[in-house]
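All of the numbers you see were taken from the coordinates with simple rules; none came from a lab. Values in this document were obtained by computation on a predicted structure and should not be read as measured data. FYI the Cβ positions are ideal-geometry reconstructions off the backbone, even for glycines, and counts take in every protein chain you see.
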Amino acid sequence: MAAVMRQRVSLQSLVTLSVLAVGLVSGTVGLAYAYWHARQSLQTTVGITFQEIARQSADKAALLLTGEIEWVQRLAALPDLRTSVEGTLLPAQAARQVERWREAQHRYFHSLAIVRADGQLVGGRLSDSVREFYARQPWWTMVVQEGHSWAGPLTVDEEGHGYWEVAVPIGERGEAVRGVLKVVIGTDRILSSILGSRLGRTGHMMLLDDHGTILACSALAPTLHMPLPASVTQWGTEGNAVRWARVNQDSHGGQESIIGMAPVVLSAQVVRAPAWSILVQQDPIETFEPLAALLGKLGAFWIGTSVFMVWLRWRLGRRIVRPLGTLSERINRMADGGTPATFLASSPGEASGIEEIDRLAASFDDLAQRLELASQAKEQYVRRLEQANVDLATSEEHYRLLWDHAVDTKILVDPLGVVQAVNRRGEVMLARPASTLLHRPVLDLVAEAERLRLQTQLNLVLHRGAEVSAGVMGVPTPGGDLTMEIDCVPVTKAGRIESIMVQLRDLTEQKTLEQQLLRSERLASLSQFASMFAHDIRNPLAGIKKTLEWLSGRPEMAQDLPRRCLEDLRFTTDLLLGMINDMLDVYQEHYSGLPLSTSPVAASLLLQETLRLFRSEAEAQGVRFAVRTPSDEVWLWGDGRRLQRVLINLLHNALKYSPPQGTITMTLQVEETPMSNATLPGEPSPGVMVTICIEDEGPGIAPEDVPHLFEMFFRKKDGQDYRIGRGLGLHFCRLVVEAHGGRITAGNRRAGGAVLTVALPVRQEQSCLSPS
């Protein structure tokens, strides 16, 4: 199954779980928070207490130590001590005096030494080594030179007895120091006074040096202590702040212990070698004993709350679940196959006394009545729906016939332009089965140049929501290109455009007839014009020709230059008369074949005579002619005047499009190529063709214009080009070449420029090549 079904539970169990969950969770969270808060408060209180006890003990230690130093300073101020260091006594007297001092102060000091300012020991042996010994002591400079008292380090021996070194200057204040009184004081009395206090059963104090080393402890020997954390040992080097903290492990191995620490600060006039601190700690078990009692009380409260929750669940379950169970049984009887009437007939039971449940039961009664009415209405609706489905199926079949057999092609596309359906007429017109058209863009059905316009019209339909005519477009099909008029009609559903119906009406025949009619009209107009032109110009040309014939008989025209000019004029006049006759041949109304006046024609001579006509124009443009002909003369049997007219048209076009200083190449050659499209009578030579190829260096022919180049009235698209003709010359060339059984083709050179090739068969002498 896609989704995991939840485990089914009864309402009574759900109420029980809800009440217990709410009560127990909220109670547990509250008790846990109370315990946590009490623990934090206890830690803070104990820490502040330990901190204050450590500060008081440190102050007490500072007072005791300062008193000891003052006692030594008073001794150093005695006259007898100053006299002993001034050197007025003999060495033996000084020694006895010092010995008496030692015996007198033995109960206070472990050792006593009097040193003069020059480093000599009073009452001892005079030597340089003794002088150097005292001069190297750490207190010498501070006491002798600066005049300060010095408090040395506190040391503890293996038996736990402490010793403290003190050195004070001897002499009056404001005068030069005369000597030094250095004593070693026992600290057992001082330490017992400082560390003798107890906090509860296990709380005690310890004395630490500036490295965190335990010097003295009222509970254990210093060597039995564990190292303190590095964060605590650094306090001795961070100033005189009083602090407390909770450590993971104290010096006695206690876990989660709380400690307080305060520095021992002596008078500012005393230079102290090490820094001392008082540390207060207690066994964590004794520290957190109040929390254990609190935890017991909270646990008892939690148990009492749980019992109350169970009793409350029983009361709620009995009051709520029983009436709901009665209502559930009535509903189950209706669900097991009964009707709403069965539910209404069953006993509703007594009121529960709970307003919400009684309203729920009344709502179910009202719902059963409505279901009974809805059931009756449903039966009537089902009967009407079945009849409507029958009518809809008939209508759908009817509209399907109209869709498939519509006169026009109809294509249904979605808003994205993807084909969804095609009618039968569309399959016939497009010559493709509907399966190949479905789920393809409708733009693929029209010519590539028309796709942007069709897409614009489809977007316009979606924007306006109204029918839009896309105009006439080309539609390529396997059977050929069709010209169709396209309309786009929106298909709406619930006020929203669901699809677009594209209608295609075939105008191919109509356009063809229109073009034929236009062609016929143009041909008729040209035929009439050609007849009028021939009628008006042929008589003047005939007069010019007769005048030239008369001039040729005059003796003064026998000279070389006049004779050549006269021959050129006669040739040109004959050419003009031939052009007029060609015009009449091309545009005759019922043309069925081009009449030919045949005779033997020398191909090379025909080519040379044509070039002679354009030599002057080519020289003016700087264009050069390159002629390639075989060594032997090639003879053709055909209409020489019309073939010359073909070459004139081709050379004229090549010259028009040649760039300045360009080259026009004319190649005449004989090829052994089978002639498959010979239609004129006569026996052709076996596979012998004469080809005349004319190449220029102009812009060439556009690829899309090559198939239409020899059609009548075909012109380039660029109407601004003055070199474009009327679309008659190349059409005439095709008529003449095909009348001789040949073919004419066009193409482009790889290096640029156009190539036009005329291929003519070599034939035997015939009386006439024109049809009878």
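Couple of notes before you dig in:
- Applying 0.36 nm per residue to the separation of ARG570 and LYS60 and subtracting their alpha-carbon distance, the gain on full extension is 168.4 nm.
- Sparse-neighbour loop sites [GluC sites (Glu not before Pro); region 148-182; at most 13 other C-beta within 10 Å; DSSP]: GLU158, GLU159, GLU172, GLU175
- For region 191-285, the share of alpha carbon pairs falling in successive 5 Å distance bins from zero is 3, 13, 25, 27, 19, 8, 3, 1, 0 percent.
- Note on PHE714 and ARG451: the model spin-label points, each 7 Å out from Cα along the C-beta direction, lie 2.7 nm apart.
- Rounded to 0.05, the FRET efficiency of the GLU467 and ARG383 pair, given R0 = 35 Å and the Cβ-Cβ distance, is 0.30.
- Calculated FRET value between TRP36 and SER111, using beta carbons and R₀ = 56 Å, to 0.05: 0.45
- Each label point was placed 7 Å from the Cα along the Cα-to-Cβ direction; for ARG201 and ALA77 their separation is 5.1 nm.
- Low-density loop positions, GluC sites (Glu not before Pro), region 390-437 - DSSP coil, at most 10 other Cβ in 10 Å: none
- Going by neighbour counts of Cβ atoms within 10 Å, the residues SER631, SER395 line up, fewest first, as SER631, SER395.
- Proxy reagent accessibility, fewest Cβ within 10 Å first, across ARG359, ARG173: ARG173, ARG359
- Contour excess over end-to-end distance, with Cα ends at THR508 and LEU551 and 0.36 nm allotted per residue: 9.4 nm
- Label-point separation, LEU360 to LEU605 (7 Å along Cα→Cβ), nm: 12.5 nm
- Distance from region 215-286 to region 450-469 (C-alpha centre basis), Å: 91 Å
- Proxy reagent accessibility, fewest Cβ within 10 Å first, across GLU86, GLU146: GLU146, GLU86
- GLN249-GLU52 FRET efficiency (beta carbon distance; Förster radius 30 Å; 0.05 resolution): 0.80
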